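Report on the following structure.
Since every read-out is calculated from the coordinates, none of them should be taken as a lab result. Predicted model only: the values in this text are computed from it and were never measured. As a convention, Cβ positions derive from the backbone with ideal geometry for all residues, glycine included, and neighbour counts pool all protein chains shown.
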Amino acid sequence: MKIQKVMVIGAGQMGGGIAQICAQAGYDVLLNDLQEDSLDRGLTVMEKNLSRQVGKGKLTTEEKEAALNRIIRSTNLDDASGADIVIEAAVENMTVKTEIFKKLDKFAPAHAILATNTSSLPITEIAAATKRPEKVIGMHFMNPVPVMKLVEIIRGLATTNEVYTRVEEMTKSLNKTPVEVNDFPGFVSNRVLMPMINEAIYTLFEGVASKEAIDDVMKLGMNHPLGPLELADFIGLDTCLSIMEILHEGFGDSKYRPCPLLRKYVKAGWLGKKTGRGFYIYE
Ligand code: NAI
């Protein structure tokens, strides 16, 4: 069956971006969050992003309006009854995700694929919360979604080839490049990226250099477009901490222990760009 109706769970940084590119590619989108004000925030960001593209001449005003008109708001998971695929992008927490997937399994039609944008949680465990593990898959977009080309596609233990192929085709229709990976903590992207970010935080914690110096070394010396601390702020420090905890627990190796400074910032509510303060301060 052709995928036409996409439900996106979570209207935050990632969910908003995923909803935007799906709408721009012509899919009908249901954007779900817990509260109306979260939907308001997500849609405002999207409106700004699309207006910027109009300003740059990459999009017409009509195309912008058409994309926004394809998005319907939802605060009820039973709206999944109208979806061909659900892409979950709520917070990085296994309890939250398994609760969502149990409900989606109940409400979504039998043919619907249930995908998660998790950065690091095991797809197989999320799938086991449903009675359709063969239709559960990881669809890991990168931040910012409208800009980054990669989608890591992660098979759970039971994911069928047919489901994999349909998700791969949908990814291409969004003008993204799918890369297939297996279900291990952090997949490939965060297995490699997050320990580097955590080490940069240790470098700051131990007083080896200032935050600006650490970021400059990696930008000017390694040609990274963003320094690791700037990138951590951009990803969200709560998300970084969750991923490090999952790597630490998943591999049982102390090399993945989260830096105490990262924990401290998260406890303080300094979550990075999204809260206005992380390693840096944002207006
Ligand atoms: P965020 O904090 O910006 O947004 C999360 C949204 O989910 C919020 O609007 C929140 O209200 C909503 N939410 C929470 N519980 C919910 C529920 N039960 N039902 C519906 N909505 C709910 O987080 P962000 O950065 O968008 O991350 C979302 C997911 O994407 C996480 O699993 C994260 O690991 C993953 N991810 C994050 C990336 C990043 O760079 N931030 C990159 C790739 C994946």
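Tabulated data for the structure shown
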{"read-out": "Antiparallel %, DSSP beta bridges [both residues in region 59-172], to 5", "value": "40 percent"}
{"read-out": "Rg(Cα) / (2.2 N^0.38 Å) computed for region 158-197, rounded to two decimals", "value": "1.41"}
{"read-out": "Segments 48-57, 177-186 sorted - mean Cβ within 10 Å per residue, highest first", "value": "177-186, 48-57"}
{"read-out": "Ellipticity estimate at 222 nm from DSSP helix runs (n ≥ 4, -39,500 (n - 2.57)) divided over the chain, nearest 500", "value": "-14000 deg cm²/dmol"}
{"read-out": "DSSP-defined beta bridges in region 120-253 - what % are antiparallel, rounded to 5", "value": "50 percent"}
{"read-out": "Whole-angstrom Cα spans of region 1-148 along principal axes, big to small", "value": "46, 29, 26"}
{"read-out": "Label-point separation, S210 to E125 (7 Å along Cα→Cβ), nm", "value": "4.1 nm"}
{"read-out": "Qualifying aspartates and glutamates (Cα of each under 13 Å from Cα of K264; at least 8 residues distant if same chain)", "value": "D238"}
{"read-out": "DSSP-defined antiparallel bridges as percent of all bridges, the chain, nearest 5", "value": "20 percent"}
{"read-out": "Cα pair count fraction exceeding 19 Å, expressed as % - region 190-274", "value": "33 percent"}
{"read-out": "Percentage relative contact order, the chain, counting C-alpha pairs under 8 Å, at least six apart", "value": "13 percent"}
{"read-out": "Cα convex hull of the chain - mean projected area over all directions, nm²", "value": "14.8 nm²"}
{"read-out": "Whole-Å distance, taken between Cα centres, linking region 155-208 and region 210-283", "value": "17 Å"}
{"read-out": "Charge context of K131, other residues only, Cβ under 13 angstrom, K/R +1, D/E -1", "value": "+3"}
{"read-out": "Zone of I72's modelled label, taken as backbone nitrogen in region 96-120 under 20 Å from a point 7 Å along Cα→Cβ", "value": "103-115"}
{"read-out": "Stretch gain in nm, segment S254-K219, where the contour uses 0.36 nm per residue and the Cα spacing is subtracted", "value": "9.8 nm"}
{"read-out": "Ascending count of other beta-carbon atoms within 10 Å, so fewest first, for L226, L43", "value": "L226, L43"}
{"read-out": "Cβ crowding within 10 Å averaged over residues, with 18-24, 202-208, 67-73, 98-104 ranked highest first", "value": "18-24, 98-104, 67-73, 202-208"}
{"read-out": "Per-residue ³J(HN,Hα) for region 46-57, Karplus 6.51 cos²θ - 1.76 cosθ + 1.60, θ = phi - 60°, Hz, x for Gly and Pro", "value": "4, 4, 5, 4, 5, 4, 4, 5, 5, x, 7, x"}
{"read-out": "Range of Cα positions in region 174-218 per principal axis (Å), largest first", "value": "40, 25, 12"}
